[in-house]
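Worksheet: one structure, shown below.
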């Protein structure tokens, strides 16, 4: 029991101790830039592994809320620290009291994924982009688009909703995504896409930036530094233990319900974005921040932020040390010493004197040596050529000062240049000033052997004669002896040599646009050395750099009085006074001439002003700040603004073009040097009307640019009206042509029907006459047969043959009478719909052609569904079947078919009757099969056919019986398919 009490007491004491420790922690809130995911793994690790606790902090994470602005949440003290995109630099530029504490993603994961047919930002014009303008980081992508002249007005922004589904279904052309998230989903689904990465187009932005307020830094500087260092430690742990941190996220922070696979994918993507093998985690590069700031300033038309102000924006721990990566520290540890070579005679830049390295570069190397904590060892050489040979052979590791050239790039790496000095020429004194090397391209110029300048001259100025010399001193001697025209080097080195050697007949007589951009060069088989040197150089502040340069550029040398020079100077003064008196007289004369010229100029200016104001075209001009300096009366009349009104505007272009991007395009175009090229713009007037103006630039003799414009709004309106009228007229013409064509077709059909009806009526009359002529003889024949039969029976004469013949005669006369009735009914013009059997129609048609069928020995096979009835026009159907059978018999006879056969099948299908008439007459030629239903088309001789039979058959079936008639070739012949509705009738 006693032991139990002791254990219980110890547990309570431990619990109390822990609570006591926790109560001493400072509570701070960190606002995240998105929902919980691996993007914030380093912060989770710092909390869960106790790194924050070790520095006395208890950190609360606040998830992103789209209704809140991250920067405002921190400024308004709803959170102590925030994580956000590079756009917070714009907030700082706009005056918000922010401090840039640390950066974790060296490039932004924000990209545009596009459909496969979009390859560059230029292809996005007039496309649909989802989620670009409804996010806090839109400016990153807009800056990329701006480089391709794509503005917000050049694409359609679609609000973000069901983004991935919309992209997959191609409802949108492009989508803003993070390579750490949505890319995983697209890859998982096997969706093909292209990526437009702002970094690939020169727009490199930071992401996952830790910031706070100036008041937080001022009041709690230690807490800011502790929070930063603990977070960096957390990220180092997270990158080494991805699986462990993913499990922690799944257990405690997985509000998005991500899978482990998705989180690990994100982890690998993030490790790439952090570039931790190159940059220390959390480091911020001032030059990079300056570049990002400049990008925003250019796109948003903001003033450029100074480097000094941005330097105060970035939080730095007061220390002279630099942050090196683990790999960089390991390299220095193994390297032990860095061997370096210099130019042994190039003061004030550098020199070897008594075995010691002196000059400007020595100041920089001493500071670098101090900051990276490793000794530097000088390899002595006699000249620059020997120094180059030493580093080529890897006998030294670095050159303290060297300019990058294509040839040197083959064996050296170069830092960012840290000294820039202009290229000058030293010649004999008294020569005119030279500012272009092309002016002396036929002269012989001296250059120190193997300097980068030699390569420049050979490539850029091949006509200049270059003499390579061992040293500056030797080169100046050759100039003094007039063996060469001039000597080329940087201004510092030549000035130093002239001062030191008291040279009086040589001076600097020219400065050129070219500069010596001098870097530290290192062997390119050890890239990590260049990374360390670059990082250390960037850590040197501008004040130190200026101090180093001024220290060695202001060397004083003891000078002795030269009386000869004094006498020469006095004589020269007398000469100059004489010249002054003479030129004073000449100047008086020139002033009088000038007054006359000015009077004429004033008169000319007045004429110009009059012409300028009465000109019936738009004339204006802007200064380099976008302010109006000229504005003629036509401009006042067209736009509605007076010159006084428009001069008061800070940004006059905003009156005419509300969109800042268009304002910039117009301003750039107005300052373009292209002359007489008219471009169309659509400015607004004072009363809000949109005009169409053609503007062109005219370059005046004083190099100022005047803009001339023509209002073509009415012209464009008339063009549109004319185009619409033409389209309407074209539509009417097309409609009229169609109507005429339809009427002609209707008339043709009508005429053919009338012809057919007339023909049928005539045939009906003829059949009526034939019937009248035949009936009496047929009746007499029947009477005679009856009398013969009575007489034979009366005389009891029995003969089977005679009796059969008499029966046959009686049957034949009955058939002939019935045939006459069939013809009469067939040609009857007053037909009515009736219910009839399909078989009846087919049999009647067959009976009419019975003679031809028998004569041609045709095997006619009829398969008809039992009791197949239809409510339609019997005679019309009979006529069509008759025409098709008759054509089949003609084809059989024409092609001399052996074993001729015609097959008729009829059956019902749903609410229709299907009739197929197929022959074995070898079919219809493919070239004409589509034409056989056209009027007057026939393959028979004119005496045997008119070409109207099948045309009339199609019209009867399709127009009269509401069915269809088609034909196709089968294996042995043609097959006609008749499809007609059964019709509604009561059984």
Between residue 243 and residue 721, what FRET efficiency comes out of the Förster formula 1/(1 + (r/R0)^6) with R0 = 51 Å and r the beta carbon distance, rounded to 0.05?
0.10
In the range 420-518, what % of DSSP beta bridges are antiparallel (nearest 5)?
60 percent
Highest-first arrangement of 141-153, 330-342, where packing means the average Cβ count within 10 Å
141-153, 330-342
Prolate/oblate/rounded call for the range 143-269, Cα gyration tensor, a/c under 1.5 rounded:
oblate
Please report how far the C-alpha centroid of the range 487-524 lies from that of the range 140-182, rounded to the nearest whole angstrom.
53 Å
FRET efficiency, 1/(1 + (r/R0)^6) with R0 56 Å, evaluated for residue 581 and residue 729 via beta carbons:
0.05
Gain upon complete extension [residue 504, residue 370; 0.36 nm per residue less C-alpha separation]:
44.1 nm
Note on the range 178-313: contact order normalised by length, alpha-carbon pairs under 8 Å, 6 or more apart, percent, works out to 27 percent
The range 831-981: relative contact order as a whole-number percent, Cα under 8 Å and 6+ apart
23 percent
In nm, what is the difference between 0.36 nm times the number of residues separating residue 185 and residue 801 and their Cα-Cα distance?
211.7 nm
Give, in nm to one decimal, the length gained when the segment between residue 736 and residue 907 is fully stretched (0.36 nm per residue of separation minus the Cα-Cα distance).
57.1 nm
Checked the range 615-711 with the C-alpha gyration tensor, a ≥ b ≥ c its square-rooted eigenvalues, rounded below a/c of 1.5, otherwise prolate if a/b is larger than b/c and oblate if not; verdict rounded
Quick one: if the Förster radius is 30 Å, what FRET efficiency do residue 597 and residue 704 give, using the C-beta to C-beta distance and rounding to 0.05?
0.95
Give me the one-decimal nm value for the distance between modelled label points at residue 481 and residue 546, 7 Å along each residue's Cα-to-Cβ direction.
4.4 nm
Grab the eigenvalues of the alpha-carbon gyration tensor for the range 121-203, scale each by 5, take roots, and send me the semi-axes largest first in whole angstrom.
20, 15, 12
Could you check the spin-label model distance between residue 168 and residue 866? Points 7 Å from the Cα along Cα→Cβ, value in nm.
5.9 nm
Descending semi-axes in whole angstrom, ellipsoid equivalent of the range 383-454, from the Cα gyration tensor:
30, 14, 11
With a ≥ b ≥ c taken as the square roots of the eigenvalues of the C-alpha gyration tensor of the range 871-965, please select rounded if a/c is under 1.5 and otherwise prolate if a/b is larger than b/c or oblate if it is not?
oblate
What span do the alpha-carbon atoms of the range 420-518 cover on each of the three principal axes, reported in whole Å from largest to smallest?
34, 28, 24
Seen from all sides and averaged, what is the projected area of the convex hull of the Cα atoms in the range 66-206, in nm²?
9.2 nm²
Hey, how many Å between the Cα centroid of the range 535-553 and the Cα centroid of the range 103-121?
38 Å
Between residue 651 and residue 436, the two model label points (7 Å from Cα along the beta-carbon direction) sit apart by a distance in nm of 3.9 nm
For the range 121-203, what is the relative contact order in percent, using Cα pairs closer than 8 Å and at least 6 residues apart in sequence?
38 percent
Highest average packing first - 512-524, 679-691, Cβ atoms within 10 Å:
512-524, 679-691
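Every read-out reported here was derived from the displayed coordinates using simple, explicitly stated rules and does not represent laboratory data. Source: prediction; values computed, not measured. Heads up, the Cβs are rebuilt from the backbone with ideal geometry, glycines too, and the neighbour counts pull from every protein chain shown.
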